[in-house]
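> Input: one structure, supplied below.
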Amino acid sequence: MKITTVISILLIFNLVAILLSLGAGSSGYDHIFKIISGSADDNVRTIVFEFRLPAMLLAMIVGASLSASGCAMQALFRNPLAEPYILGVASGASVGAALAVTLKIGEIHTRIAFAFFFALFTAYLVYLIGTSSRFRDQTYAILLAGVAIASFFSGVTSILIYFSSQSMHEVVFWIMGSFSNPAWEKVYISLPIAIAGIAYLLITSWNLNALLLGDEHAVAVGLNVERYRKSLIAVVALLTSATVAVSGVIGFVGIIVPHTMRLLVGEEHQKLLPSTILLSTAFMPLIGLISRISTSGNLPVGAITAMLGGPFFLYLLLRRSV
Amino acid sequence: MKLKVENIIVKIGSRDVLKNVTFEVKEGELVALLGPNGSGKSTMLRTIFGVLRPVKGVVMLDGREIESVEAAAKSFGYLPQDTPLTNLRVLDVVLLGRTPYMSGLRRPDREDYRVARRALKEVGLKDFETRSLSELSGGERQKVMLARVFAQQPKIMLLDEPTAHLDISAQIEIMEIIRRKVDEGKAAIVAIHDINLASSFATQILMIKDGKIAYAGRAEEVITEENIRDVFDADVIVRRYGRGVYIVPKLKPIGGKKRVHVICGGGSGQKILYALAEAGFRVSAGVLNALDSDWEVATELGEIVDEPPFSQVSNSAHEKNLEMVRESDAVILANLSVGWGNFRNLLAAKRAAELGKLIVIDETPFNQRNFAGEEAEEIYREALKRAAVVTKAEEEVINAIRKLLGR
């Protein structure tokens, strides 16, 4: 498919997602037009501006950050199953959040800060171990270090949950991921990081193509692979840490979205990365919408993406075997 | 353009992988690096490109050291050993070769597309632009990688086993493509395992052993049985053809000091003589007319009884032939044609049969190759009857001798 066609379709898809996210629900779609024409009452305004709009923006930021990071990680590790949480940020953030809840320190902002810095710290730890000079294939070592540290930290999280019996529900629900309030602050925190990080990935997307050939070939065409890998990992760590801190652990987006686009536009990152980002900014708000309207409360977003992720994985598996 | 590698020492870990290596490469040269696994061929290429830094010595291109990977990628077209497997489209892969020439956002411009497309044309894959790399054959994939190297417009190509794992036609095609590029005024340093391929294409061969250049020069100078034994620890036979040389493996000798006499002519003995010599037998042949094709082989490989061209077997030659039959441990009657000129060779064969050491290669029915009448027919039948071993194919000859000599 031509890339311009794909982008156009994705933009329409985004528009639909925006309308649905802001409109769907008890008050009907006409309130959107009322707001635009200025005739909406305060009640409707509050619902849209205080709840639906920030939740939708948050979903877009999270989607774009995770899917762009996933795309980059799949190129860096030359592995279609690589995902943004490979650096251990999900389990790191969980420990941070669980710690904040268990120790009962502060409110929501403390929790976000704890999750964010724990996530960053974990990624740094994984990188440090993975790039220790004793390993010949450092990319591979980073992958294994990520798995090792993630499993250790999820153990720690489980123990913390066990001891925080009173507020257990709170921690568990946080881990499962959501776009709930106070959404505006979360947007303020994550938006600048998302813009900077995604911009970096888009600007250097040519290098991602080179990485697909393998480290030696990338060096052969004049890419300083070591330096680029370092900054790539730093950027992805920042992006995903900020995402996890504000939304909890939302899995599989970083795999589902890039792979879907890969089937449509191919591997080349000048096409793949922008279209991946555009698909996720439509996809994630729709998942948020499902979470919002499916029950009286909010279904955990991470659970919904995981339920979609499983079958998608099977689909990839079956596609490969033929 | 001149590449100078001067006295370099390269360490990996605590081990010296290259020890005081010095050589020069100029445009139009295709240098083959020959050496066993782990001798330092890849390290040499990586050091020249600048992935590895020598602890001592310098690599200079036109009198200057190259500082960064980015700069190196413009002068050197480095092709690592393992071919990547990705779903990138062929043209996108080749465009990556333009990376060192892109600045800022690194987006290919019209010039980059032009160079990349020309590179694809040079390797014969003009129509492959939109195919995915992973769906190509090994040979095609390697050609795409060569196009990537060409797109870099390098002065010197550093190719690490570009023909590994490829079938013979792809190997030749790849080497032809490389040579064509070199003839345009570039140079290439190619690490390669196939000695015959190297000697067919290289203008210069560097034989590397334990991180040192053991021998350097043109193929016919350095590809010798002694050098190959020294560097590879392998026993081969080096043969010449035209201006070139090629090697064939030397089979474990089973011949010892045993001697085999071959009665042949008109090309019927060539393969047999070679097979015997390779198996380590001392060989002789007779009676042959000089300049006969068997005669040429026999003079190269061993003793011979001969007559001038187109003349009959004389008494003295026949006597000498009989003497050789007596002294040999086995006598082979090749699938030769018999006329009045070499009629007496049949008598010599019959004598061998009587001594119990005749092996007959009875491939073509005798009446189709007999031009000496009924008498010859009878002698041949006699020889056949009393022969120790009769075989239908000359490929069987070594086995036949084994059978005869009881091994």
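> Any idea which of (1) part of a loop (DSSP other than H, G, I, E, B); (2) on the phi < 0 side of the Ramachandran plot is the one B:G104 doesn't satisfy?
(2)
> Tell me the helices (runs of 4 or more DSSP H) entirely within the range B:14-98 that contain at least 2 residues that are more than 14 Å from chain A (Cβ to nearest Cβ) and under 30 Å from B:R229 (Cα atoms).
B:41-49
> Identify, please: which residue in the range B:138-171 is among the basic types (K, R) and more than 13 Å from chain A (Cβ to nearest Cβ) and is, among those, surrounded by the fewest Cβ atoms within 10 Å (Cβ to Cβ)?
Going through the qualifying residues, I end up with B:K155.
> Filter the range B:174-184 down to the residues that are in contact (Cβ under 8 Å) with a residue 40 or more places away in the chain and within 14 Å of B:K121 (Cα to Cα), then identify the one that is farthest from the chain's Cα centre (by Cα).
Of everything passing the filter in the range B:174-184, B:K181 is farthest from the chain's Cα centre (by Cα).
> So if I check each of B:G242, B:G266, B:G255, which one is modelled with pLDDT under 80 and over 19 Å from B:E220 (Cα atoms)?
B:G255
> Assuming B:K2 fulfils every condition listed in (1) farther than 30 Å from A:R78 by Cα; (2) buried (at least 19 other Cβ atoms within 10 Å of the Cβ) apart from one, which condition is it?
(2)
> Across the range A:277-321, which residue is surrounded by the fewest Cβ atoms within 10 Å (Cβ to Cβ) among those that are basic (K, R) and within 14 Å of chain B (Cβ to nearest Cβ)? Walk me through how you get there before you give the answer.
To start, the set of residues in the range A:277-321 that are basic (K, R) comprises A:292, A:319-320.
Applying the additional criterion that residues be within 14 Å of chain B (Cβ to nearest Cβ) yields A:319-320.
Values: A:R319: 10, A:R320: 8.
Only one residue fits best here, namely A:R320.
> Now, a different point. State all residues of the range B:261-300 that are within 24 Å of B:R402 (Cα to Cα) and in a loop (DSSP other than H, G, I, E, B); if no residue qualifies, say none.
Within the range B:261-300, B:C264, B:G265, B:G267, B:S268, B:G269, B:A279, B:G280, B:F281 qualify.
> Among the residues of the range A:255-264, which ones are closer than 16 Å to B:L88 by Cα and either within 14 Å of chain B (Cβ to nearest Cβ) or at pLDDT 90 or above (or both)?
Across the range A:255-264, the qualifying residues are A:P258, A:H259, A:M261, A:R262, A:L263, A:L264.
> Given the options A:R319, A:R292, name the one that is assigned to a helix (DSSP H, G or I), of a type in the set (K, R) and under 29 Å from A:P54 (Cβ atoms).
Values: A:R319 fails: under 29 Å from A:P54 (Cβ atoms).
Going through A:R319, A:R292 in turn, just one is assigned to a helix (DSSP H, G or I), of a type in the set (K, R) and under 29 Å from A:P54 (Cβ atoms): A:R292.
> Kindly indicate which of B:N367, B:N321 is closer than 17 Å to B:C264 by Cβ and either surrounded by 14 or more Cβ atoms within 10 Å (Cβ to Cβ) or among the polar types (S, T, N, Q) (or both). First the steps, then the outcome.
On the way: B:N367 fails: closer than 17 Å to B:C264 by Cβ.
That would be B:N321, the only listed residue that is closer than 17 Å to B:C264 by Cβ and either surrounded by 14 or more Cβ atoms within 10 Å (Cβ to Cβ) or among the polar types (S, T, N, Q) (or both).
> Among the helices (runs of 4 or more DSSP H) lying completely within the range B:323-388, list those that include at least 2 residues that are in contact (Cβ under 8 Å) with a residue 24 or more places away in the chain and among the aliphatic types (A, V, I, L, M).
Once the helices (runs of 4 or more DSSP H) in the range B:323-388 are filtered for at least 2 residues that are in contact (Cβ under 8 Å) with a residue 24 or more places away in the chain and among the aliphatic types (A, V, I, L, M), what remains is B:343-354, B:373-386.
> Suppose we filter A:V246, A:V236 for residues that are in contact with a Lys or Arg (Cβ under 6 Å, 6 or more places away or on another chain) and either free of Cβ contacts under 8 Å to residues at least 24 places away in the same chain or more than 14 Å from chain B (Cβ to nearest Cβ) (or both); which single one remains? Before you say what the answer is, go through the steps one by one.
Values: A:V236 fails: in contact with a Lys or Arg (Cβ under 6 Å, 6 or more places away or on another chain).
Every option except A:V246 fails the conditions.
> Just one of A:I108, A:I7 is over 30 Å from A:R227 (Cβ atoms), surrounded by fewer than 17 Cβ atoms within 10 Å (Cβ to Cβ) and at pLDDT 90 or above; which is it?
Only one candidate passes the filter, namely A:I7.
> Regarding B:A388, is this residue in contact with a Gly (Cβ under 9 Å, 6 or more places away or on another chain) and under 12 Å from B:V331 (Cα atoms)?
Answer is yes for this residue.
> Now, a different point. Just checking, does the range B:36-46 include any residue being touching a His at 6+ places or on another chain (Cβ under 7 Å) and surrounded by 14 or more Cβ atoms within 10 Å (Cβ to Cβ)?
No.
> Applying the selection to the range B:107-137, what residues are part of a loop (DSSP other than H, G, I, E, B), within 11 Å of chain A (Cβ to nearest Cβ) and among the hydroxyl-bearing types (S, T, Y)?
Within the range B:107-137, B:T130 is the sole residue that qualifies.
> Run B:G104 past the list (1) without any contact (Cβ under 8 Å) to a residue 12 or more places away in the chain; (2) within 7 Å of chain A (Cβ to nearest Cβ) and report the number of the one that doesn't hold.
Of everything listed in (1) without any contact (Cβ under 8 Å) to a residue 12 or more places away in the chain; (2) within 7 Å of chain A (Cβ to nearest Cβ), B:G104 misses just condition (2).
> (1) within 21 Å of A:A242 (Cα to Cα); (2) surrounded by 14 or more Cβ atoms within 10 Å (Cβ to Cβ): which one isn't true of A:V147, the others all being true?
In the conditions (1) within 21 Å of A:A242 (Cα to Cα); (2) surrounded by 14 or more Cβ atoms within 10 Å (Cβ to Cβ), A:V147 misses (2) alone.
> For B:A275, only one of the following conditions fails: (1) crowded, with 22+ Cβ neighbours inside 10 Å; (2) among the hydrophobic types (A, V, I, L, M, F, W, C); (3) in contact (Cβ under 8 Å) with a residue 60 or more places away in the chain. What is its number?
Answer for B:A275: the failing condition is (1).
> Please note which helices (runs of 4 or more DSSP H) are completely contained in the range A:14-91 and include at least 3 residues that are without any contact (Cβ under 8 Å) to a residue 60 or more places away in the chain.
Passing ranges, in order: A:30-37, A:42-46.
> Give the residue that is surrounded by the most Cβ atoms within 10 Å (Cβ to Cβ), with candidates limited to residues of the range B:213-227 that are closer than 26 Å to B:V10 by Cα and of a type in the set (A, V, I, L, M, F, W, C).
B:V222
> What are the pairs, 6+ residues apart or on separate chains, where a residue within the range A:265-276 that is facing chain B (nearest Cβ under 10 Å) has its Cβ under 6 Å from a residue that is charged (D, E, K, R) and assigned to a helix (DSSP H, G or I)?
What qualifies is A:E268/B:D92.
The values are calculated or read from the model by the stated rules, or taken from the named source; none is laboratory data. Here the structure is a predicted model, which is why all the values come from computation and not from measurement. Please note: Cβ atoms are built from the backbone with ideal geometry, for glycine as well, and neighbour counts cover all protein chains shown.
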